[in-house]
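Chemist: My structure is below; once you've seen it, I'll send some questions.
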Amino acid sequence: MRRLASSIAVLLLILGTAYSLQAQQAGKKIRIADPGELYSTYSLADDREALAALARAGYRGQALDDLLARAVESAWPAGIRELDDRISRPDELMRYRARRICTFGDKAVLRIRARDNGHMPPDMRPAEDIYFVIGREGIR
């Protein structure tokens, strides 16, 4: 009986991990319609509602730490790291291929996968996945 219980526990752990990884890969494809809605200095780590939404989307532990580190402008490609650069390139920002990870309040978290954005100009092309916080009015 103990062996059966241990086997079930291991199976549930494996399924939970697989579900979490699948959730991180998922995300509805969306389009950035208004780059002015980007929050470049928003602190997801300080927002309980955002953290809860990210946890529901499967972002926990190291995956969450990675997301938080790459959701700030200092982690973004050089061509969009500064506000002046983003202001001067709205049409190019709208060309990012993005996936909505979660929503909270009037905001959404977008994943900009490096492998989906090779078409972007070199200085806007992410070397690794980056994340944007954007007002929900800024996406379609």
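The values are calculated or read from the model by the stated rules, or taken from the named source; none is laboratory data. Since the model is a prediction, treat every value here as computed from it, not as a measurement. Methodologically, a virtual Cβ is constructed for each residue, glycine included, from the backbone with ideal geometry; neighbour enumeration extends over all protein chains shown. Accessible surface areas use protein heavy atoms only, side chains included; no ligands, DNA or RNA. Shrake-Rupley method; radii C 1.70, N 1.55, O 1.52, S 1.80 Å.
Chemist: Which numbered condition in (1) within 16 Å of Ile32 (Cα to Cα); (2) part of a loop (DSSP other than H, G, I, E, B) is the only one that Ala108 fails?
Modeler: (2)
Chemist: Keeping to region 109-121, report how many residues are exposed (fewer than 14 other Cβ atoms within 10 Å of the Cβ) and more than 13 Å from Arg95 (Cα to Cα). Spell out the reasoning first.
Modeler: First, pick out the residues of region 109-121 that are exposed (fewer than 14 other Cβ atoms within 10 Å of the Cβ): 115, 118-119, 121.
When the remaining residues are screened for being more than 13 Å from Arg95 (Cα to Cα), the result is 115.
Residues flagged as exposed (fewer than 14 other Cβ atoms within 10 Å of the Cβ) and more than 13 Å from Arg95 (Cα to Cα) within region 109-121 amount to 1.
Chemist: A further question on this structure: With respect to Glu137, is the statement that it is touching a residue at least 60 places away in the same chain (Cβ under 8 Å), in a helix (DSSP H, G or I) and of a type in the set (Asp, Glu) true?
Modeler: It is true that Glu137 is touching a residue at least 60 places away in the same chain (Cβ under 8 Å), in a helix (DSSP H, G or I) and of a type in the set (Asp, Glu).
Chemist: Please specify each residue of region 45-65 satisfying the condition of being without any contact (Cβ under 8 Å) to a residue 40 or more places away in the chain and more than 10 Å from Phe104 (Cβ to Cβ).
Modeler: Within region 45-65, Ala45, Asp46, Ala55, Gly58, Gly61, Gln62, Leu64, Asp65 meet the criteria.
Chemist: Here is a list: Glu49, Glu37. Which entry is open to solvent by 80 Å² or more (accessible area, probe 1.4 Å) and modelled with pLDDT of 60 or more?
Modeler: So the residue among Glu49, Glu37 that is open to solvent by 80 Å² or more (accessible area, probe 1.4 Å) and modelled with pLDDT of 60 or more is Glu49.
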